[in-house]
Amino acid sequence: MMMKLLLAAGITALCAGVSLQVILPPKKKYIYNPTPSAPVGWYKIAANDNVKVGDFVAAYAPESAMELAVERQYLPSNIPLLKSVWAVEGAEICFENDRVSVPNYPVLTRNQTDNLGREMPVLTGCLVLKQNEVFLISDKIGTSFDSRYFGAVPAKNVLGTAVFLGEKRK
């Protein structure tokens, strides 16, 4: 009888713990970055509802951009992008030919094709970031798939700030 009671208590505690994880997800997550657009390795992601220019974040690309990234095998669908926030609400971003202008940053260039010769998405004109939008760029490599190709990212897609923990040990 005591064994059944202990088993029932254990199962109840386990179910409560799982339910709590669903209702109140943990504030910190860990992800592995396999791409060259940020140092390859593990990152701790800390929830941050108020990202600002200069923050390094983990975020999912807008849906159409994520579909393209998966189709072209830039990134698996379950791995977020790791990028720097270059602009937030109110910033005007302008796209002209192969150049992208972001306030307070050097002019960016963008490629017409990826490394396999496939055409890259082309945005034209200017956009002003709305409330709850961010503009994400890779500071590490100029050929990264980032906001210069897909534009604004909804802030709800940002998982939080990312801190590099180190490379995978061999």
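Quick one: would you say residue 135 is in contact (Cβ under 8 Å) with a residue 40 or more places away in the chain, touching a helix residue (DSSP H, G or I) at 6+ places or on another chain (Cβ under 9 Å), over 22 Å from residue 29 (Cα atoms) and part of a strand (DSSP E or B)? Against the criterion (in contact (Cβ under 8 Å) with a residue 40 or more places away in the chain, touching a helix residue (DSSP H, G or I) at 6+ places or on another chain (Cβ under 9 Å), over 22 Å from residue 29 (Cα atoms) and part of a strand (DSSP E or B)), residue 135 qualifies. Looking only at residues of region 55-67 that are closer than 15 Å to residue 85 by Cβ and hydrophobic (A, V, I, L, M, F, W, C), we find that the one that is nearest to the chain's Cα centre (by Cα) is 59. Residues that are closer than 14 Å to residue 65 by Cα, exposed (fewer than 13 other Cβ atoms within 10 Å of the Cβ) and either of a type outside the set (A, V, I, L, M, F, W, C) or out of contact with any helix residue (DSSP H, G or I) (no Cβ under 6 Å at 6 or more places or on another chain) (or both): does region 118-131 have at least one? Yes, that holds for at least one residue. Flag: residue 146 does not match the condition of being touching a strand residue (DSSP E or B) at 6+ places or on another chain (Cβ under 6 Å), of a type in the set (D, E, K, R), in contact (Cβ under 8 Å) with a residue 24 or more places away in the chain and surrounded by fewer than 16 Cβ atoms within 10 Å (Cβ to Cβ).
For residue 52, the requirement of being assigned to a strand (DSSP E or B), modelled with pLDDT of 90 or more and over 12 Å from the mean Cα position of the chain (by Cα) is not met. Please find, among 123, 127, the residue that is touching a strand residue (DSSP E or B) at 6+ places or on another chain (Cβ under 7 Å), aliphatic (A, V, I, L, M) and in a loop (DSSP other than H, G, I, E, B). Exactly one of 123, 127 is touching a strand residue (DSSP E or B) at 6+ places or on another chain (Cβ under 7 Å), aliphatic (A, V, I, L, M) and in a loop (DSSP other than H, G, I, E, B), namely 123. Listed by first and then second residue, the pairs linking a residue in region 102-117 that is within 19 Å of residue 68 (Cβ to Cβ) to a residue that is among the acidic types (Asp, Glu), with Cβ atoms under 8 Å apart and 6 or more places separating them unless they lie on different chains, are 110/98; 111/98; 112/98; 112/119; 113/119.
The values are calculated or read from the model by the stated rules, or taken from the named source; none is laboratory data. No experiment lies behind these values; they were computed from the predicted model shown. Virtual Cβ from ideal backbone geometry, glycine too; neighbours counted across all protein chains shown.
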